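Heads up: the structure comes next, in structure tokens.
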Amino acid sequence: MSVVSQNDISTILAILQQIPLMAELNEQDHLEVIKRISLEYFPAEYAVFHEGDAGDAFYIIKKGSVKVFHELPAGQDTATMAMPGSASPKEAKTLGSNDFFGEMALISEKPRNATVQTLEECEVFKLRKEDFIQLVSSTPGMASRISDEFLKRLKSNSRSQEESPS
Ligand code: CMP
């Protein structure tokens, strides 16, 4: 028996369609996936996952903000290292409403390349890896937005690796 009612599905769909990444979603094509998207609530300063973890899900921020950063090895006095594109060298990259994260490990089949931690209370849509792959492969507009951002982040990360002293 399904625990998601038709009402729930219409409500979830309407919320998702307001997110530019999900604008193309429609109930007919994606019913099964929509049923499996969950809305998670995280408190402030909660680590959604850590750098090096295996990638098992994709996230879209509905409300709130998160920081994306590299963790320095234990014993070093600064807790975090900035991501490229951050406002200051000591600042992590910040993502807010409608931004997504967690796509890189799923696409590249590599571990998480950064830690993501909430800056305040957050509401975040979560899609498991299998559902993400299914949704992206059947929604060309979404696939192209995600791959554009993936390439931008990849380029910016590899540029900063080249620039940082070894
Ligand atoms: P993933 O590697 O799965 O987990 C860490 C996430 O941080 C990564 O996916 C991206 O979603 C995000 N991320 C990595 N690099 C950047 C960057 N330069 N700018 C914004 N987000 C990033």
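Listed highest first by mean packing, meaning other Cβ atoms within 10 Å per residue, what order do 60-68, 93-101 come in? Don't skip to the end; give the middle numbers.
On the way: 60-68: 19.6, 93-101: 17.1.
Averaged packing, sorted descending, gives the order 60-68, 93-101.
Which ³J(HN,Hα) values, rounded to whole Hz and listed in residue order, are derived for the stretch 48-64 from phi using the Karplus coefficients 6.51, -1.76 and 1.60 in 6.51 cos²θ - 1.76 cosθ + 1.60 with θ = phi - 60°, glycine and proline given as x?
Couplings: 5, 7, 10, 3, x, 5, 6, x, 10, 7, 10, 10, 10, 7, 7, 8, x Hz.
Determine which lysines satisfy two conditions relative to K155: a Cα distance under 17 Å, and not lying fewer than 8 residues away in the same chain.
Within reach: K93, K110.
What residues have an amide H closer than 5 Å to that of S65, excluding those fewer than 5 places away on the same chain, when H is modeled at 1.01 Å from N in the peptide plane?
L119, E120
Counting only other residues whose beta carbon sits under 11 Å from that of E121, what net charge do I get with K and R as +1, D and E as -1?
Working: positive: K63; negative: E45, E120, E123.
Within the 11 Å Cβ shell, the charges total -2.
Express in nm, to one decimal, how much length is gained between L154 and I15 on full extension, taking 0.36 nm for each residue of separation and deducting their alpha carbon distance. Please report the intermediate quantities before stating the final value.
Numbers: separation 139, 0.36 × 139 = 50.04 nm, distance 2.90 nm.
Extra length from L154 to I15 when fully extended: 47.1 nm.
Read-outs throughout are calculated quantities, based only on the coordinates presented, and are distinct from any laboratory measurement. It should be emphasised that the depicted structure is a prediction, and the values quoted were computed from it without experimental measurement. With ideal geometry, Cβ positions are generated from the backbone for all residues, glycine too; neighbour counts draw on all protein chains shown.
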